[in-house]
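No value in this document is a laboratory result; all are computed from the given coordinates. Note that this is a predicted model, so its numbers are computed, not measured. In this analysis, Cβ positions are derived from the backbone assuming ideal geometry, glycine residues included, and neighbour counts consider all displayed protein chains.
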Amino acid sequence: MPNNTAFSTCIRFILIVTVATYLTACGDEDFTDLQRYIDSIKNRPHEPVKPLPEFQTIEPFVFKAEENLRDPFKPFEKAKTTDDDIDESEEPDNGIRPDFGRAKEPLEAFSLSGMKMVGTITMNSVFWALIKSDNNIIYRVKVGNHMGKNDGKITHIDKKKIELVEIMPGKSGRFVEQPTTLTLME
């Protein structure tokens, strides 16, 4: 093993020589090649600045409701012009539709097929069902709560199952109520 004092002296000497070499390289004051390059750039002919391109003016489209155009934000309905076109088998509007103004509950973010009933509990004389969702979190629900993506409202809970009514779109475009059951997973 070399002597630490001699080794550190050698390292210091190498560092001093390296720094001195770099400093003397920067001390060269011959900038003639740099001055020549700057002069050549200054002597180039000046090119005029190109003008900005012309922009075309686009006429705005104004939606005119008086032209009997269909409102694009309403569902499409088949127009009936004569009494011959009316289908006698079509049912009148039943008034069933989702409540779009209602605030969504946490379990309405999951489909019913991804939920499992894992138990029940009674707290403060309220009977609750315990639901495990796709994200492996257990939620408490009671009669009147909503769950599932189709506005499923819980109508009955017992120890073995949850009964709810979903609002599903029907074939005619109207909504219908569909009873569904979620059973206890053992």
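Fully extended, how many nm does the chain gain between residue 104 and residue 54 (0.36 nm per residue separation, minus their Cα-Cα distance)?
Full-extension gain reported as 12.9 nm.
Using the Cα centre of the range 106-183 as origin and beta-carbon charges of +1 (Lys, Arg) and -1 (Asp, Glu), tell me which of 144, 181, 121 is placed farthest towards the positive end of the dipole.
Highest projection toward the positive end goes to 121.
By average Cβ neighbour count within 10 Å, what is the ranking of 6-16, 34-44 from highest down?
Ranking the peptides 6-16, 34-44 by packing returns 6-16, 34-44.
Given points 7 Å out from each Cα along the Cα-Cβ axis, report the residue 39 to residue 140 separation in nanometres with one decimal.
A separation of 9.1 nm, rounded to one decimal place.
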